[in-house]
Amino acid sequence: MNGQQLSFYAGAGSAALLIAALGFQAAGYMPCELCILQRWPHVAAMVLAALVWLTGWTRSLAILGMIAAGAAMGLAIFHMGVEMTWWPGPAHCSGSVSSIARMSASDLMAKLQETPVTRCDEVAWRFLGVSMAGWNAIWSAVLAVIWALAARKGNKAA
């Protein structure tokens, strides 16, 4: 298997993780702030996989893909630590309120009461005793290895 194919599989793995996350969200499991942050490196990895296919610049883009998967893994491990109370999470792990400076006190209170709060330190779902953040950490590590193999087998262009 060549570097381009491995890059495709790594990008497809990130896409599968994103589809799973959106599926859980559609099923009613609202993501917290850390859950949302974990998605962005997977988006970057998908874009990098597409760029590998478009440009053929496997090695340099695969290294960036490995970094993206590693970032997703790092964020997931941090989130897991927050869930396990190993360390504190963000104090504001909830939905955002836009244009707060222009709101009256009563408008702000109404907005806060209607905004659902999803806590980062509570596990919403587990499978085999592992939370969604834990599974993201595991699969992101696998994807980082695939990206590393793609970089190793890729060309030196770009």
- Query: Out of all the residues in segment 9-18, which are of a type outside the set (A, V, I, L, M) and surrounded by fewer than 18 Cβ atoms within 10 Å (Cβ to Cβ)?
  - Reply: Tyr9
- Go through segment 88-131 and give me each residue that's part of a helix (DSSP H, G or I) and at pLDDT below 80. Ile100, Ala101, Arg102, Asp107, Leu108, Met109, Ala110, Lys111, Leu112, Gln113, Glu114
- Query: Identify, please: which residue in segment 41-87 is under 20 Å from Arg119 (Cα atoms), part of a helix (DSSP H, G or I) and without any contact (Cβ under 8 Å) to a residue 12 or more places away in the chain and is, among those, farthest from the chain's Cα centre (by Cα)?
  - Reply: Gly81
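The values are calculated or read from the model by the stated rules, or taken from the named source; none is laboratory data. Here the structure is a predicted model, which is why all the values come from computation and not from measurement. Counting neighbours? That spans all protein chains shown, and the Cβs are built from the backbone with ideal geometry, glycine included.
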